[in-house]
Every structure is written in C-alpha cells, then in structure tokens.
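Quick notes on the structure that follows.
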Amino acid sequence: MLGNLELISGRVPVIIEYQYDAAADDYRRIGEMIADFERRDIQIAGIEVTPILPRRQDNHFNAGFGDLTILHWINAVIEDAGFPAERSAPLFACIADQKAYHVYDVDGSIIPCPSLQLGERAYGHVTTGIDYVAETQLLERRFPEECRTCALLPTCMGGCRLRADMENGDFNGVICNRDHLETELKRYMRQKAKDELERRDACGDLPVDE
Ligand code: SF4
C-alpha cells in the first residue's frame with residue numbers, strides 16, 4: 001500500500017481514512033504509520049479518523065464508538081504530527097441521507113451506502129441514472145415522536161440506517177447515539193470558542209472591559 005501511495009504522492013491530494021477498533025489498543029501505533037509516511041516522503045493532505053462500526057457479516061469488531069477519549073487521543077497525535085485536525089462539526093447522519101454523495105457499486109448500481117452488498121437496495125445505475133421515485137420510496141424515514149422534538153435531529157437525521165437494519169430489522173428506522181453526539185457537539189463548540197478567542201487575542205481586538 002505504501003508503494004502505491006509513493007507513486008501518487010504529490011500528484012493528487014491523498015487523504016487517509018484511519019479506522020480503529022475501540023476494543024483493542026493497537027490504535028496507539030498510529031505514530032508508526034505517520035513515521036512511515038515521513039520516512040518515505042509521502043505527502044498526506046489529511047487523516048480522517050473513525051471507529052470500525054459493526055457490520056452484518058462475520059464481525060470481530062463490535063465495539064462501535066467505544067470510549068470517545070480514544071478518538072480524541074488519536075486526533076491529538078495527528079495534530080501534533082502537523083496534519084490538519086478534524087474541525088468540522090460532528091454529523092451522525094447516514095451517508096444514504098446525504099444527497100451530495102452517491103455510492104457507485106462495482107457493477108454500476110447506485111446504492112445508498114458503501115457497506116451494502118452488490119447492487120443491494122439500488123435506486124439507479126450508472127448507465128440509466130437515478131430513479132428518483134425509487135430513491136424517495138427507499139429512503140422514506142420513520143421518526144418517532146422523541147426524534148421530532150429532539151434538538152439534535154438536524155445533525156443526526158436518525159443515524160446509520162444499516163445499524164437500524166441490523167439491530168431492529170428496519171432500514172428506515174432510527175439508531176440513537178444521543179449521548180455521543182451531545183458530547184461531541186459540546187467538545188466542538190468549546191474548541192471553536194477557544195480558537196476564536198485565541199484569534200481575537202492575537203489580533204488585539206478583544207473588547208476592553210469598561
Ligand atoms: S439523537 Fe436520538 S432522539 Fe435525537 S434525533 Fe437522533 S435518534 Fe432521534
């Protein structure tokens with residue numbers, strides 16, 4: 001893999017998706033991966049970190065999000081190594097509900113999520129385009145009352161559909177990660193406020209107390 005990255009280094013922006021198992025401690029070896037990039041002079045535009053989430057097939061990685069301090073620790077190591085830190089607002093919405101993304105399967109089918117099987121739940125094909133009626137019917141979501149009144153709905157949108165399917169047999173059902181989402185949003189807002197205060201401090205434009 002490193003050989004392939006060496007070949008394309010500097011020609012296209014390379015972004016690494018780093019997935020870790022929250023039940024193991026091998027995430028602590030991320031420094032070795034970063035050292036490999038430096039040793040082989042591979043230019044990396046960014047590293048995105050996500051936990052391995054349970055899948056439907058034989059799955060040895062069932063810890064899901066686990067302890068979020070692992071995620072924070074990995075991001076701190078990446079930032080210390082000089083890579084841009086992940087500073088976008090947390091979004092738990094299913095990729096199937098993010099209309100800016102389309103997933104093309106290897107047979108040309110357009111499917112809602114890269115974790116689905118070949119052509120599964122396809123709502124179009126690369127040769128014929130999107131079947132918008134099929135897409136709308138497929139992605140109709142059933143929100144319980146709890147979600148309709150939840151302040152986190154815009155950034156959750158019901159969560160991962162595949163997990164809802166695995167756990168409740170309903171691709172259009174919801175999976176609630178409210179505690180994690182709340183924790184991550186608070187952390188994000190604190191960081192943003194800190195960044196802004198530091199920026200203003202550096203510019204000397206903080207309002208002076210009367
Ligand atoms: S956080 Fe839970 S209650 Fe709130 S919208 Fe998401 S699934 Fe519904």
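We did not get these values from a lab; they are worked out from the coordinates using the rules stated. All values derive from a computational prediction rather than experimental measurement. All Cβ positions, glycine included, derive from the backbone under ideal geometry; neighbour counts span all protein chains shown.
A few points about this structure:
- Taking GluC sites (Glu not before Pro) across the stretch 66-151, the ones in a DSSP loop with at most 13 further Cβ atoms lying within 10 angstrom of their Cβ are GLU120, GLU140.
- Neighbours of ARG148, meaning other residues whose beta-carbon lies under 12 angstrom from its beta-carbon, give a summed charge of 0 when Lys and Arg score +1 and Asp and Glu score -1.
- Residue order, fewest to most surrounding Cβ atoms within 10 angstrom, among GLU167, GLU32: GLU32, GLU167
- GNM top mover of ARG142, ARG39, ARG163 - the chain, alpha-carbon springs below 10 Å: ARG39
- Sum of side-chain charges, ASP165 neighbourhood, beta-carbon under 10 Å (Lys, Arg +1; Asp, Glu -1): +2
- Counted as membrane-span-like here are DSSP H helices of the chain whose alpha-carbon atoms extend 15 Å or more along the helix's own axis and whose Kyte-Doolittle mean is -1.0 or above; these are 68-80.
- Within a straight-line Cα-Cα reach of under 19 Å, LYS99 can be paired with the following aspartates and glutamates, leaving aside sequence neighbours fewer than 8 residues apart in one chain: GLU120, ASP131, GLU135, GLU140.
- Within the chain, percent of DSSP bridges classed antiparallel, to nearest 5: 40
- Fraction in percent of alpha-carbon pairs per bin - 10 Å, the chain: 7, 24, 31, 26, 10, 2, 0
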